Structure formats: C-alpha cells, structure tokens
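Just so it is clear, none of the values below were taken in a lab; they were calculated from the coordinates. Fair warning: this is a prediction, and the values are worked out from it, not measured in the lab. In this analysis, Cβ positions are derived from the backbone assuming ideal geometry, glycine residues included, and neighbour counts consider all displayed protein chains.
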Amino acid sequence: MDITYRLEQKRKVLGDFPGPKSLELAARRATSVAKGVASSVPVYVADADGGVIHDVDGNSFIDFGSGIAVTTVGASDAAVVGAVKEQVEHFTHTCFMVSPYEGYVAVAEKLNQLTPGEHEKRTVLFNSGAEAVENAVKIARVATGRNAVVAFDHAYHGRTNLTMGLTAKAMPYKHGFGPFAGEIYRAPMSYPFREENPQITGKEAAERAILMIQKQIGADQVAAIIIEPIQGEGGFIVPADGFLPRIAEFAKENGIVFIADEVQSGFCRTGEWFAVQHEGVVPDLITTAKGIAGGMPLSAVTGRAELLDAVHGGGLGGTYGGNPVACAAALAAIETMDTQDLRGRAREIEGIVKDRLGKLREELGADSIIGDIRGRGGMLAIEFVKKGSGATTKQPDGEATKKIAEYCLKEGVIILTCGTYGNVIRLLPPLVIGDELLADGLDVLEAAIRANS
Ligand code: PLZ
C-alpha cells in the first residue's frame, strides 16, 4: 500500500463530546429529521480520509465501520474525488434509460470481468443494495417462471418491502411495517458457533436447509435461493466450509437461481474480490453495492447473460440507476483497489486483528466474554457471551457488547455492533487504514474488552 493521506491519521478526542457544534446540530436535527433514523455516534462529521473521521468540534475518530462497509478505499480517495470532479463538470445526470453514456457500460464490463465465473454475463445498475436485491429476485422470477424465494435465518437484505420480507430480524427492521411480500421462505443457516451439534459439517447443515426446501416448498417451485456468503447485519456469520458449495450445487441441480448477496462482503472486503471465491462458488446472480463506488450510491446485479436477458425490454431500470457520477466513482474505486492491492491488505488486516484478539482470548481464559472470533479479511467480528457460559449455554451478552462499543467511542474509536442477539462487535475498517492507526484502535478495543470482562 502506498497512500498519501490528506488528513493526519491520528486519534484525538478533546475531553467530553459531543462538543458544542455537534450539540447544536443535534438540536436542529431533533426538530427536523424523522426520529426513525438512528445514528450510531452523537457527533457530526466535518471531514474524513483514510482511517479517520473528523467531527465538527475538532475530534478525530478512528473509523472501524467504513459507513457500514462502504468506504473501503477511504471516504475521500484521491482517485475517486478526481473522477467525481471530472464527471460533475460535464454532466451529473441524463438518465441511462433516456440518453445513455459510457460510464454505465464501462462499469458493467468491469463487473462482468471481476465477478466469478467464465460464462457470458450481463449487468444492470441501481442505487442501493436493497434495490439490487429486489431486482435480482425479479430477474430470477422472470427467468424461471417460478415464484418462491428462499432466504436464511439471520439474513439481512434491505428495508424495502420485498427485502424486508427477506430480512430475518424483526426489530428494528420489520416491526410494524408489514404486511410483507408473499412466497418468501426461511431456511436454517449454518452458524458454527451456535450449532446444537457442534460436529455438524457444512454439507450436513446444507442438507438440513435442502430438506426444508424440498418438504416445505418443493424444489421445482423455487425461483431463487438468496444468501450472504458471510452474513452481515445478522452477526458476521461465516457458514461452515462446504455449506455454500452444496447449496449452490442443489440450486443448479434444480434449476434454481443461486443469488449471492455480496452487498456487504464484496469488493475486496474479505480478501477476495467477492466472498464466494473463498470456496470457489460461482453464483448465477451476484448483487453488489456499498464498497463498489467509494461512497457514491451505486449498486448492481451481475450474472448469467441468459438470466438477465430473459427480462423483456424496459422491464428493468429506474431514474437514477447507474448515475454517471457514481459510475465514474466506481471505476476509480475499483482502480484503487487494484493498484493498492486492497485484497492483500484485507488479508493483512485479518492476520493482525486475529492475532491480537486470539492472544487476548487466551489471556482472559476460556470462561471470558469472548465467545467467538471470526470473519475474513477486513470483515471481522467478536461474538460476546455471558461470562462463564462460553463452553455451555453461550448466552448472548448484548449488554457487554453495547458497553464495549460505548467505551471505544468515548476513547475515539467508532465501532459497530450487529447480530440477531445484538452481541457482536464487527470490525470493518477502511482497507486503506495504516498499521499504526489500526494498532491504536485495537489497543482501545482490547482495553474496552478487559474493562467489561
Ligand atoms: N444486502 C448483505 O448488508 C445493507 C444496512 C444497515 P442498502 N446493510 C447495511 C441498515 O440498518 O440499514 C445491505 C446488506 C446486504 C443488502 C443490504 C441493503 O443495502 O444499500 O442499505 O439498501
């Protein structure tokens, strides 16, 4: 990695925060912004670069969240900023459905080339992850002439009506927002840390899901199986080896479209371009967003040409889908990922973090609150359990998790939680974070875990 940062890569908290400027903005927000939108931190952003976020009162936070896995190349990568500036000076929008432009085509070519599989591919662009997921399901339904869609326990696929239905967790995502779309079925996931039988293999866990599909839906009724190769909001759950390949194989045997939702796990985050590549799985459709465009809103469905081209002309689209500024940003972000070898950097980060956390777990002993350390690349997590329950009941400790995140924030490290039981801390630093800053952030996290052990 050879990066010149614009902002000093240092953590700096000036006593108590939120400071006066953040408080003033919070007061304005209270009377202007809908209460339903929650923010993880109480400070307002002035600037962000590399691994730091500066607030309006002069504090500098270490960013372990990347705006939920988005700013993989940083929040103001020079190449992305340059490409965006260049594009806005020419045109900000024409609508690809009205008057098309090269950027859209170039992003489609890039995605077809980068996604797994040597088959002929096509891509369609949208704005958000949810929109991509929703369209992947539409495509699968048209291509198969079937209706049913299978999602998994702990899944997160978005907040629109169809994707809420696919998402597992009720509070806060679905509560009160129904009725949900029909023909959505939920299959059991492979969740190694919480399996009743810890010996169950990935293949066996897949057979458990397949049996449910066969008995409760009928394989020939299923248009698509959708899965996050590493579940994000659900708790950074990495299925046991062999689970994904068997599910993909079952889909293939039964004419079911296998959709990998790589909105969170894609674009170098896990140490490969896409997380399915760790197990050599080739999805029929792949949904991407977040990291794809260095923070600009862009998402995509990429996959087998015969599936995407099964949709009638005019059947896919949207006013802003594949916005030219977002496309320019995507091409630049992908270039940065390539030239800075951010896949390699993600693997380095995995090594550094797992080494530190592994040592801490050893030191704190088997009955500590650290239940599980897992993840790949720069998508890593710690699942916390009530002290002493780790070897037996594995009782989730959401309280301790919250306190650890709060401790980190107070010390100037932004850390996100997740998980069905709210007991997982996830680490999603920008992959361009430097070693020193990463180590400093981990020092804080370690202290936070010790203080709550
Ligand atoms: N699929 C796998 O992770 C977005 C959303 C957090 P959008 N995850 C973060 C929140 O509270 O809203 C996500 C994802 C996976 C789809 C989505 C949806 O992407 O861009 O938020 O629509």
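A few comments on the model shown:
- Surface/4 of the Cα convex hull for the chain, nm²: 21.3 nm²
- Mean ellipticity per residue at 222 nm, deg cm²/dmol - from DSSP H runs of n ≥ 4 across the chain, formula -39500 (n - 2.57): -11000 deg cm²/dmol
- Spatial separation of Cα centroids for the stretch 114-135 and the stretch 294-316, in angstrom: 5 Å
- In Hz, Karplus ³J(HN,Hα) per residue of the stretch 89-97 (6.51, -1.76, 1.60; θ = phi - 60°; x = Gly, Pro): 6, 9, 8, 8, 5, 9, 6, 4, 6
- Separation between Cα centres of the stretch 364-378 and the stretch 12-76, rounded to whole Å: 28 Å
- Here the Karplus relation 6.51 cos²θ - 1.76 cosθ + 1.60, evaluated at θ = phi - 60°, turns the backbone of the stretch 194-208 into coupling constants of 10, 5, 4, 9, x, 7, 4, 8, x, 5, 5, 5, 5, 4, 4 Hz, with x for every Gly and Pro.
- In percent, rounded to a whole number, the relative contact order of the chain is 22, using alpha-carbon pairs under 8 Å and six or more apart.
- Computed FRET value (nearest 0.05) for residue 95 with residue 12, which takes r as the C-beta separation and R₀ as 51 Å: 0.70
- Spacing of the two label points (7 Å from each Cα toward its C-beta) at residue 174 and residue 78, in nm: 4.7 nm
- 17 Å Cα-Cα reach of residue 403 towards lysines, excluding residues that sit fewer than 8 places from it in its own chain: 386, 387
- Antiparallel DSSP beta bridges within the chain, percent to nearest 5: 65 percent
- Shape call, the stretch 1-145: gyration tensor on alpha carbons, a/c limit 1.5: prolate
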